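Take a look at the structure set out below.
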Ligand code: URA
């Protein structure tokens, strides 16, 4: 599928295997989530535009490339998405960060927004939505729709592990959104966990279990 980018670099795969291991503790888990986000960011920003500038090296004048200054915003989906923010800020320190929190209405099972704080110029920014796990895709789809309602035009979704169900949902609801992940796992179990997955990403990042 054209809008699905599975990043299978050996470093990513190695780090992901450490995340999957149930014996990996909170400190290592947190650090590795951030490292994976850094590595994924490298690929997800491959299309950033460049421009030419004149500089002087110690040896000669040179025409070199620099980023053309496209404005980016990271939008972590609370709470697990927060674990990916620092890893990306390492590479793109000027990125702004908007936050979105969603819960699932127990009656309708539809995601409902309970928190939202976006940069004022969000509609002018290229957006990367962050959530380590793409399970049913309900939250990610709602977050994308939410940002589209804000007139955002360029939206990417970054997940560490994606389930086929979630990928299908995003491709159906938002075929214009590129999905970046490090692995596509087998399926969702009856509790909505990705199998084999890594468990509850939020709990493992924040040590709440
Ligand atoms: N969210 C998680 O943290 N883990 C899953 O397996 C599915 C959703």
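The values are calculated or read from the model by the stated rules, or taken from the named source; none is laboratory data. Quantities reported herein were computed from a predicted structural model and do not represent experimental measurements. Glycine also receives a Cβ, built like all others from the backbone with ideal geometry; neighbour counts cover every protein chain displayed.
Does residue 190 satisfy being surrounded by 15 or more Cβ atoms within 10 Å (Cβ to Cβ), within 13 Å of the ligand (Cβ to nearest atom) and under 26 Å from residue 22 (Cβ atoms)?
On the way: surrounded by 15 or more Cβ atoms within 10 Å (Cβ to Cβ): no; within 13 Å of the ligand (Cβ to nearest atom): yes; under 26 Å from residue 22 (Cβ atoms): yes.
No, not satisfied.
So that you can scan it fast, the table gives a plain yes or no per residue for (1) under 14 Å from residue 77 (Cβ atoms); (2) at pLDDT 95 or above; (3) touching a helix residue (DSSP H, G or I) at 6+ places or on another chain (Cβ under 7 Å); (4) more than 10 Å from the ligand (Cβ to nearest atom):
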residue: 135; (1), (2), (3), (4): yes, yes, yes, no
residue: 152; (1), (2), (3), (4): no, yes, yes, yes
residue: 161; (1), (2), (3), (4): no, yes, no, no
residue: 186; (1), (2), (3), (4): no, yes, no, yes
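Checking the structure you have, find out if any residue of the range 39-59 is assigned to a strand (DSSP E or B) and surrounded by 13 or more Cβ atoms within 10 Å (Cβ to Cβ).
The answer is no; no qualifying residue exists.
Considering the range 171-184, the residues that are in contact with a helix residue (DSSP H, G or I) (Cβ under 7 Å, 6 or more places away or on another chain) and touching a residue at least 60 places away in the same chain (Cβ under 8 Å) include one that is surrounded by the fewest Cβ atoms within 10 Å (Cβ to Cβ), namely 184. Of the residues making up the range 137-150, those that are touching a helix residue (DSSP H, G or I) at 6+ places or on another chain (Cβ under 8 Å), closer than 22 Å to residue 108 by Cβ and either surrounded by fewer than 18 Cβ atoms within 10 Å (Cβ to Cβ) or free of Cβ contacts under 8 Å to residues at least 60 places away in the same chain (or both) are 137, 138, 141, 144, 145.
Scanning the range 87-118 for residues that are buried (at least 17 other Cβ atoms within 10 Å of the Cβ) and in contact (Cβ under 8 Å) with a residue 40 or more places away in the chain turns up 87, 88, 100, 102, 118.
Quick check, is residue 197 closer than 28 Å to residue 12 by Cβ and not in a helix (DSSP H, G or I)? Judged against the criteria, residue 197 is a match.
Scanning the range 117-166 for residues that are touching a strand residue (DSSP E or B) at 6+ places or on another chain (Cβ under 6 Å) and over 23 Å from residue 87 (Cβ atoms) yields 138, 142, 165.
On the basis of being surrounded by fewer than 23 Cβ atoms within 10 Å (Cβ to Cβ), over 18 Å from the mean Cα position of the chain (by Cα) and either more than 13 Å from the ligand (Cβ to nearest atom) or free of Cβ contacts under 8 Å to residues at least 24 places away in the same chain (or both), does residue 209 make the cut? So residue 209 fits the description; yes.
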